[in-house]
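For reference, the structure discussed in these notes is given below.
The values are calculated or read from the model by the stated rules, or taken from the named source; none is laboratory data. All values reported here derive from a predicted model rather than from experimental measurement. Counting neighbours? That spans all protein chains shown, and the Cβs are built from the backbone with ideal geometry, glycine included. Remember, those area values only see protein heavy atoms, side chains included, never the ligands or the DNA or RNA. Shrake-Rupley method; radii C 1.70, N 1.55, O 1.52, S 1.80 Å.
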Amino acid sequence: MPKGLSRRKQIWIGGIALIALGAVGCSESGKGDAAASAKPVPAVTVTATATATETATPAPAPTVTKTKTVKVPGPTVTVTKAASSGSGGSGGTSGGGSKATSTCSIRSNAGNCYSAGQFCRNSDHGAVTTNASGARIRCSQSGSSWRWTYA
């Protein structure tokens, strides 16, 4: 084939040449005597079989999950008694001491009290609670995040 032709043109020219040769060959087989034409000509048979090589994947078995119910501990009350110095005389408090209670109405997932500066959960936005020492803290937006701040 000439070097100036593209690959596509070369393929077309080759295909046309094969068709032309086939047409000439067919017309040549028609010429000849009747005895030659009565002789059976073996036929060429081309069989193409396409089989799917895809393997059948069995359906996955159902997933079994076990649900465990966990009880969340309730609020813990811490009682601190201040010891009075002296013998109950001057400057002492009557009744034996003062009680300071600290309850955190909202606790972290680990069960601890929140403190100011910590991040808030989405469910706590705008909520008010106390920290471990009893100071009130509020979940408020600080920039693009929500944090516990002193109320």
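Observations on the structure shown:
- Taking each residue as 0.36 nm, the span from residue 128 to residue 140 lengthens on full extension beyond its C-alpha to C-alpha distance by 3.4 nm.
- Computed over protein heavy atoms with a 1.4 angstrom probe, the accessible surface ordering of 21, 5, largest first, is 21, 5.
- Charge context of residue 14, other residues only, Cβ under 13 angstrom, K/R +1, D/E -1: +3
- Fully extending the segment from residue 110 to residue 16 would add 25.7 nm, taking 0.36 nm per residue of separation and subtracting the current Cα-Cα distance.
- Between residue 45 and residue 59, the distance separating the two model label sites (each 7 Å from Cα on the Cα→Cβ line) works out to 4.1 nm.
- Charge context of residue 150, other residues only, Cβ under 13 angstrom, K/R +1, D/E -1: +3
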